[in-house]
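**Student:** What follows is a structure written as structure tokens; I'll ask about it next.
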Amino acid sequence: MPPTLVEMRDALAIIRRYLPSQTPLVFAPALSECLGADIWLKWEFSNPIGAFKLRGGLNLMASLAADDCKAVVTASTGNHGQSIAYAAELFDIPATIFLPENGNPDKAASIERFGAKLRYVGANFDACREAAIEYSNKFHGRYIHPANEPKLISGVGTAALEIFEQDGQLEDVDLVIVPVGGGSGVCGWILARDELSASTKIWGTQSAQSNAAYESWISGKLVTRPNLTTSEGLSTGEGYSLTQEIMRNGLDDFILADDSEIDDAVGVMLETQHVLLEPAGAAALAAAIRAKEKIKSQRVVLVCSGSNISRAQLKKIIN
């Protein structure tokens, strides 16, 4: 079942024990001028792992610790794995994280730094996810799905509470654009918006090279699609049941951006804001640029979901 507003508020109380401050919401004058809109940036990378996922990891692992969980297993392209590893160390729960063989080396090093066991399997996320499920069944670890976990969704949804409910951030938001991989992040925004009866529109954005969530949303059924994006934070080859249910009931639009447009958005963010994002973290800006005419004169929040770009990715983008 989708989490409720009460569960998101409970998650916020848990998260505040470990992340005491709201993530910054920053006005972007140069982007506002360029796009003809009032552009604000929600810096969801400003935490110890550099990614929004930490909110969900803390909330879920706190619940598992209360249930005396003995071990967890999950699959990730990096940021989800960092989140689980960080929170698992905090709650003293052994964690095994599966990454694709070509996984981001910086994210992998961070996962190991937090004490989790790391296993490289498969050419992409979908292959390593299957291996993680098999491993968890064999060794009786609690498998953590990357999206179909209400505690993850209620955790990451606390970012939306900071916009819609908390004092001192921003009023009268017309639109929020959120990067989508499995969809937990955008679902948190949808549920918070709906529970609080806000009029804000929520858009998702995904790589055109890995568009399973988009195609599942368009078709109204779970589909599998090629998973070829170089933006590993958006890398998902199939739609997931819980997040698709929430997206179908509440997502106002879904914008596909090409990997090259997402890479360009990393450069634009660096030039205009002097902020370095990973490609998935810049996807909302890529969507805003693509949909420039649709967002004119609106107050828009772009969710900057992660900053864990590798040196190789940055060099490629700059060149």
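**Student:** Pick out, in residue order, every one of the trypsin sites (Lys or Arg not before Pro) in segment 32-109 that is DSSP loop and has at most 11 other C-beta atoms within 10 Å; say none if there are none. Spell out each step's value before the answer.
**Tutor:** Numbers: sites: K42, K53, R55, K70, K107; in loops: K70.
Passing both the DSSP loop test and the Cβ count: K70.
**Student:** Karplus couplings for segment 284-293 from phi (6.51 cos²θ - 1.76 cosθ + 1.60, θ = phi - 60°), rounded to Hz, Gly and Pro as x?
**Tutor:** 5, 5, 4, 5, 5, 5, 5, 9, 3, 5
**Student:** Can you send over the solvent-accessible area of D67, 1.4 Å probe, protein chains only, in Å² to the nearest 10?
**Tutor:** 110 Å²
**Student:** List the trypsin sites (Lys or Arg not before Pro) within segment 133-182 that DSSP assigns to loop and that have no more than 10 neighbouring Cβ atoms inside 10 Å.
**Tutor:** Details: sites: K138, R142, K151; in loops: none.
Qualifying residues, ordered by number: none.
**Student:** Counting Lys and Arg as +1 and Asp and Glu as -1, each charge on the Cβ, what is the dipole of the chain about the Cα centre in debye, to the nearest 20?
**Tutor:** Values: 28 positive and 38 negative charges, 114 e Å.
Charge dipole, the chain, about its Cα centre: 540 debye, nearest 20.
**Student:** State the antiparallel share, in %, of DSSP beta bridges confined to the chain, rounding to the nearest 5.
**Tutor:** Working: 5 of 35 bridges.
Rounded to the nearest five, the antiparallel share is 15 percent.
**Student:** Another one. I want the antiparallel fraction of DSSP beta bridges within segment 94-252, as a percent rounded to 5.
**Tutor:** Values: 1 of 10 bridges.
So the antiparallel bridges amount to about 10 percent of the total.
**Student:** Would you work out what percent of the accessible area of segment 138-225, with all protein chains in place, is carbon or sulfur (probe 1.4 Å)?
**Tutor:** Working: 1400 of 3230 Å².
Here carbon and sulfur together make up 43 percent of the probe-accessible area.
**Student:** If you don't mind, there's one more thing I want to ask. Taking only Cα atoms, what is the 0 to 90° angle, nearest 10, from helix 53-66's long axis to the longest principal axis of the chain?
**Tutor:** It works out to around 40 degrees.
**Student:** I've got another one for you. Name the long-range amide H neighbours of A208: under 5 Å, sequence gap of 5 or more, or other chain; modelled H, no Pro or chain starts.
**Tutor:** A257, D258, D259
**Student:** If you rank C34, C187 by how much accessible surface each has, with a 1.4 Å probe, what is the order from largest down?
**Tutor:** Order by accessible area, largest first: C34, C187.
**Student:** Would you rank Y135, Y18 by solvent-accessible area, highest first, keeping every protein chain in place and using a 1.4 Å probe?
**Tutor:** Y18, Y135
**Student:** With springs connecting C-alpha atoms under 10 Å apart, model the chain as a Gaussian network and identify which of V176, V268, V73 has the largest mean-square fluctuation.
**Tutor:** Evaluated over the chain, the most mobile residue of the options is V268.
**Student:** What are the residues whose amide H is under 5 Å from the amide H of Y143, where those residues sit 5 or more places off or on another chain and H is modelled from the backbone?
**Tutor:** So Y143 has HN proximity to V73.
**Student:** Can you work out ³J(HN,Hα) from phi for every residue in segment 231-241, in order, using Karplus 6.51 cos²θ - 1.76 cosθ + 1.60 and θ = phi - 60°, giving whole Hz and x for Gly and Pro?
**Tutor:** Using θ = phi - 60°, the values come out as 8, 4, x, 10, 7, 8, x, 8, x, 10, 4 Hz.
**Student:** Grab the DSSP H runs of the chain that are 4 residues or longer, score each as -39,500 (n - 2.57), total them, divide by all residues and round the 222 nm result to the nearest 500 deg cm²/dmol. Write down the numbers at each step before the final one.
**Tutor:** Details: 15 runs with 148 residues, N = 319.
Mean residue ellipticity, 222 nm, calculated: -13500 deg cm²/dmol.
**Student:** Quick check for you: with a 1.4 Å probe and neighbouring chains kept, what is the accessible area per residue of segment 122-226, in Å²?
**Tutor:** For segment 122-226, the solvent-accessible area averages 38 Å² per residue.
**Student:** Next up: Round to the nearest 10 and give me the degree value, 0 to 90, for the angle of helix 184-195's Cα axis relative to the longest principal axis of the chain.
**Tutor:** 60 degrees
**Student:** Can you give me the relative contact order of the chain as a percent, contacts being Cα pairs under 8 Å and 6 or more apart? Kindly include the intermediate steps, with their values, before the conclusion.
**Tutor:** On the way: 715 pairs, mean separation 66.5, N = 319.
Reported relative contact order: 21 percent.
**Student:** Something else about it: With volume of the Cα convex hull per residue in Å³ as the read-out, I listed [x] 116; [y] 170; [z] 159; which label goes with the value calculated from this structure?
**Tutor:** [x]
**Student:** Cα axis of helix 125-139 to longest principal axis of the chain: angle in degrees, 0 to 90, nearest 10?
**Tutor:** Tilt relative to the chain: about 30 degrees.
**Student:** Still on this structure, please answer the following. Among P179, I14, A28, which residue has its Cα positioned farthest towards the positive end of the charge dipole of the chain, with +1 placed on the Cβ of Lys and Arg, -1 on the Cβ of Asp and Glu, and the dipole taken about the Cα centre?
**Tutor:** Highest projection toward the positive end goes to I14.
**Student:** Follow-up. What's the center-to-center distance, using Cα atoms, between segment 22-68 and segment 118-165 in Å?
**Tutor:** 18 Å
**Student:** Could you sort E215, E134 by their accessible area in this structure, using a 1.4 Å probe and putting the largest first? Provide the component values of the computation, followed by the final result.
**Tutor:** Numbers: E215 50, E134 135 Å².
The ordering from most to least exposed comes out as E134, E215.
The values are calculated or read from the model by the stated rules, or taken from the named source; none is laboratory data. A quick note: this is a predicted structure, and the numbers were derived from the prediction, not measured. So basically every Cβ, Gly included, is an ideal-geometry build from the backbone, and we count neighbours across all protein chains shown. Note: areas computed on protein heavy atoms with side chains; ligands, DNA, RNA excluded. Shrake-Rupley method; radii C 1.70, N 1.55, O 1.52, S 1.80 Å.
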